Amino acid sequence: MSIVPPLQAADMRPVLFDSHCHLDLPELLPELELHLAKAKAVGVEGFLVPAVQSSAWLPLLELKQRYGFYIALGIHPWWASQTQLDALEGLEALAALPEVNAIGETGLDFALDAQSFALQQQCFEFQLQLAGKLKKPVILHHRKSQNELLQIIKQQQFTQGGILHAFSGSFQQGMAFIDLGFKLGIGGTITYERAEKTRNAVKQFPLTALVLETDSPSMPLNGFQGEINTPAQLPLVLKELAELRDENQQQIAQVLYNNTVQLFQYQL
Ligand SMILES: [Zn+2]
């Protein structure tokens with residue numbers, strides 16, 4: 001009598017893509033290989049690493065060559081300064097390389113000092129224009145700034161889409177970005193009960209508009225506050241999303257993986 005072994009959990013494990021992880025930051029880079037091994041052990045096979053400032057651009061191209069990451073080049077609103085704005089003038093040649101999947105991390109953060117708003121806006125508008133010119137998607141950072149982001153995207157008639165990373169907000173707020181061709185980055189926020197509006201919203205969005213992310217090393221999941229976040233936590237985000245939507249993890253994972261890859265125009 002032959003014995004058929006039961007399906008192991010590993011056989012059923014969904015393949016995941018972390019669409020936003022800062023693996024090049026000092027919290028993660030020194031133990032990068034360990035973090036990658038731990039992530040791959042739980043099924044996280046894809047990684048998009050967005051730059052936060054100009055000094056990250058060349059090292060990210062090297063990391064891509066070595067590890068096959070997807071990368072975005074740009075300037076995060078927290079780093080917006082005259083020096084960085086000047087550096088953006090030199091981004092076009094690098095960002096045009098086929099190795100560069102997207103422009104970012106860019107956007108607007110209106111929780112910062114109001115004195116920074118004008119420079120943030122100049123940096124964002126420049127990067128959005130560049131992405132339009134190069135026909136690449138953008139990785140958007142938002143905090144208290146969704147309306148302004150939408151307004152500038154519409155003004156520039158930007159149609160390349162991208163990811164509104166670390167989505168939080170209502171169903172209507174999310175749909176406003178989806179209608180403009182954006183995906184919503186779903187991360188650790190949904191593991192917090194207090195994020196009721198966001199948790200309700202993610203139950204209703206079309207699956208084709210969602211991607212998964214950890215935002216490592218930031219945004220630890222509920223239960224892991226105070227710890228450095230890593231891509232190995234991504235299955236917990238998927239689990240929460242599946243529970244909220246009352247859907248099958250494997251199916252969600254497949255659709256969201258494809259969403260991510262298609263956005264960056266890569267073949268599976
Ligand atoms: Zn980020």
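All of the numbers you see were taken from the coordinates with simple rules; none came from a lab. The structure displayed is predicted, hence computed values, not measured ones. Here Cβ is always computed from backbone atoms with ideal geometry, including for glycine, and neighbour counts include all displayed protein chains.
Given all pairs of different Cα atoms, what value in angstroms does the Kirkwood hydrodynamic radius of the chain take?
18.7 Å
Going by alpha carbons, how many degrees (0 to 90, nearest 10) lie between the helix axis of 32-41 and the longest principal axis of the chain?
With rounding to tens, the tilt is 40 degrees.
Rank the residues Asp246, Asp215, Asp109 as a footprinting-exposure proxy: fewest other Cβ atoms within 10 Å of their Cβ go first.
Asp246, Asp109, Asp215
Of all trypsin sites (Lys or Arg not before Pro) in the stretch 166-231, which ones are in loop regions per DSSP and have a Cβ with at most 15 other Cβ atoms within 10 Å?
Here the sparse-neighbourhood loop sites are Arg194, Lys203.
Using only Cα atoms, locate the centre of the stretch 37-93 and the centre of the stretch 140-166, then give the distance between them in Å, rounded to an integer.
19 Å
Mind sorting Val100, Val52 by how few other Cβ atoms lie within 10 Å of their own Cβ, fewest first?
Lowest count first: Val52, Val100.
Using the Cα centre as the reference, give the magnitude of the dipole from point charges on the C-beta atoms of the chain (Lys, Arg: +1; Asp, Glu: -1; all else neutral), rounded to the nearest 20 debye.
560 debye
Can you tell me the length gained on complete extension of the stretch Arg194 to Asp246, counting 0.36 nm per residue apart and subtracting the Cα distance?
Full extension from Arg194 to Asp246 adds 16.8 nm.
Could you line up Trp57, Trp78 from fewest to most neighbouring Cβ atoms inside 10 Å?
Going from least to most buried by this count: Trp78, Trp57.
Could you tell me what % of all Cα pairs in the stretch 1-127 have separations over 19 Å?
55 percent
Describe numerically, in nm with one decimal, the distance between label points set 7 Å from Cα along Cα→Cβ at Leu32 and at Ser218.
That separation, rounded to one decimal, is 2.1 nm.
So, counting K/R as plus one and D/E as minus one, what does the shell of residues with Cβ under 11 Å around Leu97 add up to?
So the surrounding residues net to 0.
Ignoring GluC sites (Glu not before Pro) that are buried or in helix or strand per DSSP, and keeping those with at most 16 other beta carbon atoms within 10 Å, what is the longest stretch of the chain between them?
Longest run free of exposed loop sites: 100-192.
Note the angle between two axes, namely the Cα long axis of helix 146-155 and the longest principal axis of the Cα atoms of the chain, as a number of degrees from 0 to 90, rounded to the nearest 10.
Helix 146-155 and the main axis of the chain meet at about 60 degrees.
With the crude spin-label approximation of a point 7 Å out along Cα→Cβ, what separation in nm comes out for Leu180 versus Leu119?
Each label point lies 7 Å from its Cα, and together they span 2.4 nm.
Helix 249-263 versus the longest principal axis of the chain: what angle, 0 to 90°, nearest 10, using Cα atoms?
It is inclined by approximately 30 degrees.
In nm, what is the difference between 0.36 nm times the number of residues separating Lys239 and Leu25 and their Cα-Cα distance?
74.4 nm
Add -39500 (n - 2.57) for each DSSP H run of 4 or more in the chain, then divide by its residues: what number comes out at 222 nm, to the nearest 500 deg cm²/dmol?
Theoretical 222 nm ellipticity from helices: -11500 deg cm²/dmol.
Modelling each spin label as a point 7 Å along the Cα-to-Cβ direction, I'd like the Lys154/Leu94 distance in nm, to one decimal.
Each label point is offset 7 Å from its Cα along the Cβ direction, giving 3.4 nm.
For the chain, what relative contact order do you get, as a whole percent, if you take Cα pairs closer than 8 Å and at least 6 residues apart?
It rounds to 20 percent for the chain.
So which trypsin sites (Lys or Arg not before Pro) in the stretch 62-167 pass both tests, a DSSP loop state and at most 16 other Cβ atoms within 10 Å of the Cβ?
Lys135, Lys144
Among the listed pairs Lys144/Lys239; Lys203/Lys239; Lys144/Lys197; Lys40/Lys136, which are separated by more than 20 Å between their Cα atoms?
Lys144/Lys239; Lys40/Lys136
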